[in-house]
1. Lys and Arg at +1, Asp and Glu at -1: add these up for the other residues within a Cβ distance under 9 Å of ALA64 and post the number.
2. DSSP loop chymotrypsin sites (Phe, Trp or Tyr not before Pro) in region 235-271 with at most 10 other Cβ atoms within 10 Å of their Cβ, which ones?
3. Would you kindly state how much longer the chain becomes between ASP269 and LEU82 on full extension, computed as 0.36 nm times their sequence separation minus their alpha carbon distance, in nm to one decimal?
4. Going through region 19-125, which trypsin sites (Lys or Arg not before Pro) have at most 15 other Cβ atoms within 10 Å and a DSSP loop state?
5. May I ask for the net charge around LEU255, where only other residues with Cβ less than 15 Å from the Cβ of LEU255 are counted and Lys, Arg are +1 while Asp, Glu are -1?
6. Students often forget the sequence filter, so: which aspartates and glutamates lie under 14 Å Cα-Cα from LYS230 once same-chain residues fewer than 8 apart are removed?
7. Find, among the chymotrypsin sites (Phe, Trp or Tyr not before Pro) in region 41-79, those assigned to loop by DSSP (not H, G, I, E, B) with at most 13 other beta-carbon atoms within 10 angstrom.
8. Scan around VAL78 for amide H atoms under 5 Å from its own, H built in the peptide plane at 1.01 Å from N, and keep only partners 5 or more places away or cross-chain.
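Computed from the coordinates by the stated procedures, all read-outs in this text should not be read as laboratory data. None of these values were measured; they are calculated from a predicted model. As a convention, Cβ positions derive from the backbone with ideal geometry for all residues, glycine included, and neighbour counts pool all protein chains shown.
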Amino acid sequence: MSLNVLKDLRKIYASLNTDEIRGSAGQDLKVGLMASSEDAYARMERFLAPPATDAAARAQAMRAVHRVDGSPGGYDFVLSELGIPVPENGFSFDPVRAPALIDDILKANDKVELALARTFPLFRSPATHRIVNRMARENAFFSLVTALPNVVPNLLELPWAVGEFATDTAFITMNQIRMALSIAAAHGRPVGYTEQKAEIAAIITGAFGWRAIARELIGKIPLGGGLIPKAAVAFAGTYVVGLGLEKLNRTGAGLTKQEQRDAYADAFDKGKEVVRQFAPTMRE
């Protein structure tokens, strides 16, 4: 292992703030309900804390749910029965469009994304999907930036400076470790380097394997046919790692080899489309 890689691994551990991730997931939420009848309140409570959920998880969810008495302004968000005026921080409760409602709530409350997933199990899969997609896009964009000289990142808010790491693999690996910690937090698991040591070891080991694939596909050449596959590899590698982490936290087992191959093929195609969205702006 090269000295640069060792330096980057130290920077990965120094840069990642596990306390911040734990704190974000551990925030106490206050969700308000506005309804005209006991039945309507009960329907919203069952939506946020389904009876089939295990007793501890349901109790945790119910502690965050309150019937609005007075101003709705002190809540993270409010669910309003259809027909009741929706406050500024509110959403109309329509169980028919539950997936869209969950997405709308997550988009409007990104600062408590991890807390929502930890507190309400129905938010876990959508929140995890957002985390995985966000990290994969960041890594694809970073791969583009490092392949082009004198490019200032202006498409995404990258969390660390491009020049901080000796290799793009280190930045991408760091983001994948951050993703592993965040997904664990979203699923209500303890978060830390010790708690996620198996996932982190797999990510670090796997990083050098998929980097070799990237090298076979493309090196650092001018923007064109080769650059898109390079960044798409970064997207696909991160996306498949994320899918495996989601399944591991949800079921206790990661992706099988066949599932990895199938997921990688789909993610690589998706990654190429994502990178093509970046490319025109990069040319400008």
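1. Values: positive: LYS30, ARG63; negative: ASP28, ASP76.
Cβ neighbours under 9 Å give a net charge of 0.
2. Details: sites: PHE235, TYR239, TYR264, PHE268; in loops: none.
Here no chymotrypsin sites (Phe, Trp or Tyr not before Pro) fit, given the DSSP loop and packing criteria.
3. 63.3 nm
4. Those satisfying the criteria are LYS30.
5. Every neighbour counted, the sum reads -1.
6. Within reach: GLU138, ASP168, GLU216, ASP269, GLU273.
7. Numbers: sites: TYR41, PHE47, TYR75, PHE77; in loops: TYR75.
Filter output for region 41-79: empty list.
8. Those lying under 5 Å, H to H, from VAL78 are GLY32, GLY90, PHE91.
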